[in-house]
Each structure stands twice: as C-alpha cells, then as structure tokens.
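The values are calculated or read from the model by the stated rules, or taken from the named source; none is laboratory data. These numbers were taken from a predicted model, which means no experiment stands behind them. A quick note on method: Cβ atoms are made from the backbone with ideal geometry, for glycine too, and the neighbour counts reach across all protein chains shown. Only protein heavy atoms, including side chains, enter the accessible area calculation; ligands, DNA and RNA are left aside. Shrake-Rupley method; radii C 1.70, N 1.55, O 1.52, S 1.80 Å.
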Amino acid sequence: LPGLIVGVILRYGTPSTSGHDKLFSCSQEDRPFTTLLVNVSGKFFEYTLKGEISPGKIHNVEQNDMLRKVTFDPEVFFNILLPPIIFHAGYSLKKRHFFRNLGSILAYAFLGTAVSCFIIGNLMYGVVKLMKLVGQLSDKFYYTDCLLFGAIISATDPVTVLAIFNELHADVDLYALLFGESVLNDAVAIVLSSSIVAYQPTGENTHAFDAAAFFKSVGVFLGIFSGSFMMGAVTGVVTALLNVTKFTKLHCFPLLETALFFLMSWSTFLLAEACGFTGVVAVLFCGITQAHYTYNNLSVESRSRTKQARMSFTFYTLFEVLHFLAENFIFSYMGLALFTFQKHIFSPVFIIGSFIAIFLGRAAHIYPLSFLLNLGRRHKISWNFQHMMMFSGLRGAMAFALAIRDTATYSHQMMFSTTLLIVFFTVWIVGGGTTPMLSWLNIRVGVDPDQDPPPTNDSFQVLQGVNSERRNRTKQESAWLFRLWYSFDHNYLKPILTHSGPPLTTTLPSWCGLVARCLTSPQVY
C-alpha cells in the first residue's frame, strides 16, 4: 500500500518538466544536456549524458566506460552511506560524559568549526593569489571557493583515534570531547558549506563581498540547522510515543518493532532532505533522541538488536554492522577514486598551503577556545588534553563526501584532489601515531567508562557518590545548559515518552490529575 501511494504521487502528482520539443543547434549551446531526444527517420531515441570525455581520451571509449562504472553518484554517499554512520554516532553516544562536557563540545563544534573555516578559507585565498602570481592557476578560483574548501576540510573525522581510544580505554572525558566535537562538527560543516553555496551577492561581481548576502547566508545556516534539529528530535519523539502507548502493542512483535525503529530513523534523513533541510543533522539528533527516550520503551529483543547488550560474548547490532560497512566502503572508495577519477588537478603549491592552513586553523580552533572555556570551567581542560585534541584533527569520510558532491569546475576538482591527499595523510600518519602520542602526553588509559576516576588534582575531577546517587551526580557534573532542562525532562518528558521517571500525578498540579493519569503509562507506577 505505501508503494502504491508513492507511485501514484510520482506518476500523477508531479508536474511535467519535459523539454523534448525544443529545437537547438549543438554549435550554439554552451552547456551539455542531461537527456536528448533524437529523431532518426521518424523513430525517436532517448540518450542520457554519461559525462565529459577529454580530447586526449576520445579514442579510449571502453576505458572511459569502465571507469564510469566504478564511479558512484555522489548522492549515494549522502543518501545511503552517511545516514547509518551519523545515526550510529548519535545513538551510541554516552550521554553521561557527553552532557558533562556539553558546553565545551558545543563551543568546539560550532564556534571552533566556524573559526577554522574562515581561517583556512582566508589563508587559501592568499595561496590562490600566490598561484596566480607565479602562473600556476589556469582557471578561475574565487574567494567563495576558498571558503567552501575551508568548510569542507573543517569536517573532522577522528575515527582511527577514537577506535584506539576505545580499545585502550583512554580517559573518558577526552574521548567525550573528541567524539562529541566530531559528531556535531560534521553537521556544522555540512550546513556551513550549504550556506556558503547559498551566498549570492547582487550586482555584476557575484563573488564580491555583499553584506546583505552575508546575513542571508547566516540566516540560511541558522534556519537549516534549527529546522533539521527540530525534525530529527520530533521524529525521535514520535517513535518513542509509538512504543510507549498502550494502543500499539509493538512490544509484542519485536521484529516489527525493530523494523519500525529502523525505518523511522532512516525516513528522518529523507524527510529532512525533501523539506530542504540537512538530513545528516536531522538523523544525528534523531539518534540522540532515540537513545534517550525510545530505547527505554523497546522490548528486550529489540534492545539487543539495536544496541550492544552486556553479554559474555561480543554482540554486534544492526546499526553497528551498517556503520562498519558504510564507513569501510567509503574509505575503500577513496582509494579507488584516487586512480579512477578522471579530472584530478594536483597543485603542489595548493597542497602544501592546505596542510599549513589546516594546521593553523586547528590550532586557532583548539587553544584559544580552550583558554576561554577554562575561564568558566571548574575542572580545567589540561594542556595534554589540548595537545591531543590538536593532534587528533583527522579528516575522513565527511570531508570526502562533501568534496566529491560537486566536481564540475576547475576549482572544485582541485579541492577534491587535495582533500583526498589530506584524508590519506591524516589517517595514515596521524592515526598511526595515536598510541605513541598518548604515552608521550601521559594520558590515562585502561579507564572503565562506566566508573568514576579516582579523586585527583588533574582535569575533569568528578564528584564522589554512591551508585544510587549517580543520576543526581550526573546532573551536578553536567554543563549548566543541560542542568536548565534536566528537571523538566525528568519530571515531565520521561513519564510521557518512556516507562520511567516519576508519575505525572506527583509532578503536575492537582487540577491536572485527569491529564496526568492519561499520559502516564502503567509501567511508570
């Protein structure tokens, strides 16, 4: 039935955009057409554009066709491969350590990524001017292209470092800072790149600075991010309500419950993209909301399918497998693209300038922000943590996916080729040096993530308490932003959306007794 409904909408509900009746001369056109309808002796044949063939390879049609077969549509990365990676990041988030450092994570992810983007963009604009001066620039490379490159390459993906941290059980707060920053940083980089693309000044020079266009781009950034956040959170809440209500009885059908959980999560991405928002941001916050609310309502079987259970053997769940396959496929395809992409432009000056700009952008991202954050933090971010965060700014799947999404122009082709080299270098060299760096910086390893560290004078010292006081201790340790809504969430949202928390009859006023009894599930009592 859903397939029939969608088919009817696509067949009869979408307007026709056919341009087959247009007569044109190939010599008069300055751009290729994606589809051609050719009249051959009264018979009409439809031809689809496969791509541009360079004059030097005009006779190697078979080789070009083979290379095109192993070249994926860039939208495949965004619509199929990225959603399980991002959702797993949000769904597997360790809430306690994340919220303990929420303020710092938000500062690194939002303000830090913006600072890094503009520093890299402006430094690369100077490099482009230098290339033009020495005659190594053969086509146009605008300031907005440099800013776009800054947004693309600011997307960190320390997957190798975090895997080593997880294996060695490194300090949980350092792990939370790096993991939280990388998760939100990817979302910010995507929306930031979309805002830069939307920057369109009025007048003859469409690449000059225009205050109106700048503020419009800022509005686009805020609108897209907030809209995506709301869509992801609402979808997670709806899924939680479907599982908590006594009318659905989904817990009696674990397979259906797991399938609905999976489809609702994926549909968040598609719905956000269809509405003009960013699916990655939506699916990230959907995963966080699902882990906070929906997971508590799932049956035992569905919990074991969606999140790793504590068993005597290793248990890989649905989302772990999808995340593992998607991420490994993207990294494998990076190696393939280095040799099969037919429009590589490697410029030594641009590549060297990019590495210098990334280093300076990361330094301006970490150290000044850490200094400002330490002014208001009770438990300071130590220098060895800052050095490790500086070292761990790897580039990975997200930067590659953003760069490959548009390779139509000379500047974007150069940016894509440089991004590939940066990803390979940071993953191999920086990722391989993680363990020696941990030892050199004397960062604690072998830490149980579910237990508190012993009291020390080092950074991130936590309050002491017994297990029964863990919830109150978590609230006290968390950032002030989280503490503002903690009581509201525990007293009102948890009883409505889950089978936990105090009954609403004890938290709502007495005159709301009827509503409280209707909204509180029997399991809460």
Segments classed as helices (runs of 4 or more DSSP H), wholly inside the range 74-176, with at least 2 members that are open to solvent by 40 Å² or more (accessible area, probe 1.4 Å) and farther than 17 Å from G393 by Cα: 113-133, 159-168
Could you identify the single residue in M390, M415, M398 that is surrounded by fewer than 16 Cβ atoms within 10 Å (Cβ to Cβ) and within 23 Å of the chain's Cα centre (by Cα)? M390
Looking at (1) surrounded by fewer than 23 Cβ atoms within 10 Å (Cβ to Cβ); (2) modelled with pLDDT of 85 or more, find the lone condition where F262 falls short. (2)
So G465 ticks every box in (1) modelled with pLDDT under 90; (2) not in a loop (DSSP other than H, G, I, E, B) but one. Which box is left unticked? (2)
Scanning the range 349-362 for residues that are open to solvent by 40 Å² or more (accessible area, probe 1.4 Å) and under 17 Å from T426 (Cα atoms) gives I352, F355, I356, F359, L360
Would it be correct to say that A282 is closer than 19 Å to G90 by Cα and surrounded by 22 or more Cβ atoms within 10 Å (Cβ to Cβ)? yes
Please specify each residue of the range 504-522 satisfying the condition of being part of a loop (DSSP other than H, G, I, E, B) and surrounded by 12 or more Cβ atoms within 10 Å (Cβ to Cβ). L508, T520, S521
Touching a Lys or Arg at 6+ places or on another chain (Cβ under 8 Å) and among the hydrophobic types (A, V, I, L, M, F, W, C): does that describe M390? yes
Residue pairs within 8 Å by beta carbon, gap of at least six or interchain, first lying in the range 128-139 and within 17 Å of I345 (Cα to Cα) and at pLDDT 90 or above, second hydrophobic (A, V, I, L, M, F, W, C) and not in a helix (DSSP H, G or I), listed first then second, are V128/L137; V128/F141; M131/L137; M131/F141; K132/F141
Going through the range 143-171 in order, the residues found to be touching a residue at least 60 places away in the same chain (Cβ under 8 Å) and among the polar types (S, T, N, Q) are T144, S154, T156, T160
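Okay, residues lined up against (1) at positive phi; (2) modelled with pLDDT of 80 or more; (3) part of a helix (DSSP H, G or I); (4) open to solvent by 20 Å² or more (accessible area, probe 1.4 Å):
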{"residue": "F179", "(1), (2), (3), (4)": "no, yes, yes, yes"}
{"residue": "S195", "(1), (2), (3), (4)": "no, yes, yes, no"}
{"residue": "T202", "(1), (2), (3), (4)": "no, no, no, yes"}
{"residue": "F221", "(1), (2), (3), (4)": "no, yes, yes, yes"}
{"residue": "G227", "(1), (2), (3), (4)": "no, yes, yes, no"}
{"residue": "M230", "(1), (2), (3), (4)": "no, yes, yes, yes"}
Residues of the range 204-219 being among the hydrophobic types (A, V, I, L, M, F, W, C), open to solvent by less than 80 Å² (accessible area, probe 1.4 Å) and modelled with pLDDT under 80, in sequence order, are A208, A211, A212, A213, F214
